[in-house]
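The values are calculated or read from the model by the stated rules, or taken from the named source; none is laboratory data. From a predicted model like this one, the values you see are computed outputs, not experimental measurements. As a convention, Cβ positions derive from the backbone with ideal geometry for all residues, glycine included, and neighbour counts pool all protein chains shown.
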Amino acid sequence: MSLFFALLGAAIAVAFAGIGSAKGVGVASESATGIVVDDPSKFGKLLVLQLLPGTQGLYGFIVAVMVLLNTGILGGNAPTDIMTGLLYFAACLPIAIGGLFSAMAQGRVCSSGVNIIAKKPSESSKAIVSASLVELYALLAFIVSFLMVINIK
């Protein structure tokens, strides 16, 4: 039963953060597609904005792999008591929930940034900085999940 909760947490971390990233990247990419068709030279600057919401999925994946390593699925010792499994489950929640919502919000910010690049390509750094502000909260969620997972004994 302990392993079930640990694996459920890992699955939620990957799934929720991945869903948020897929939605965020999708929104940003939809906006960028129209610009690239008209002016292919802007592809490089737009690519950064398209990729940024994808980092939350990566953070969720890293937390999930850490849980799998610590629970005996990919090595290590499997937890035996239910409390340990619940602790892993709880440790996955910050990146799962934080990743879901921050990636979707970041996708919207990146979509707006695409408009900046379309009109004034020289101002692309402002679009990237704006999107990075949302990334901060994804990083905080990742760090909290990371610290929780590595401190479960």
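Name the one entry in 100, 52, 58 that is in contact with a Cys (Cβ under 6 Å, 6 or more places away or on another chain), under 19 Å from residue 22 (Cβ atoms) and hydrophobic (A, V, I, L, M, F, W, C).
Only one candidate passes the filter, namely 52.
Name the single residue, out of those in the stretch 129-153 being β-branched (Val, Ile, Thr) and more than 17 Å from residue 21 (Cβ to Cβ), that is farthest from the chain's Cα centre (by Cα).
The qualifying residue farthest from the chain's Cα centre (by Cα) is 152.
Which of the residues belonging to the stretch 118-137 are surrounded by fewer than 16 Cβ atoms within 10 Å (Cβ to Cβ), farther than 16 Å from residue 56 by Cα and among the polar types (S, T, N, Q)?
If the condition is that a residue be surrounded by fewer than 16 Cβ atoms within 10 Å (Cβ to Cβ), farther than 16 Å from residue 56 by Cα and among the polar types (S, T, N, Q), then 122, 125 are the ones that fit.
I'm checking my understanding of the structure. Among residues of the stretch 36-52 that are under 23 Å from residue 138 (Cβ atoms) and of a type outside the set (A, V, I, L, M), which one is surrounded by the most Cβ atoms within 10 Å (Cβ to Cβ)?
50
Specify the residue that is modelled with the highest pLDDT; the eligible residues are those in the stretch 55-82 that are of a type in the set (A, V, I, L, M) and under 8 Å from residue 2 (Cβ atoms).
82
Scan the stretch 1-28 for residues that are at pLDDT 95 or above, surrounded by fewer than 21 Cβ atoms within 10 Å (Cβ to Cβ) and among the small types (Gly, Ala, Ser) and report the count.
Result for the stretch 1-28: 4.
Scanning the stretch 102-153 for residues that are out of contact with any Ser or Thr (no Cβ under 9 Å at 6 or more places or on another chain) and not in a helix (DSSP H, G or I), which turns out nearest to residue 47 (Cα to Cα)?
The residue in question is 120.
Name the one entry in 55, 71, 33, 80 that is over 23 Å from residue 146 (Cβ atoms) and either buried (at least 24 other Cβ atoms within 10 Å of the Cβ) or in contact with a helix residue (DSSP H, G or I) (Cβ under 8 Å, 6 or more places away or on another chain) (or both).
80
Can you tell me which of 28, 64 is over 22 Å from residue 119 (Cβ atoms) and of a type in the set (A, V, I, L, M, F, W, C)?
64
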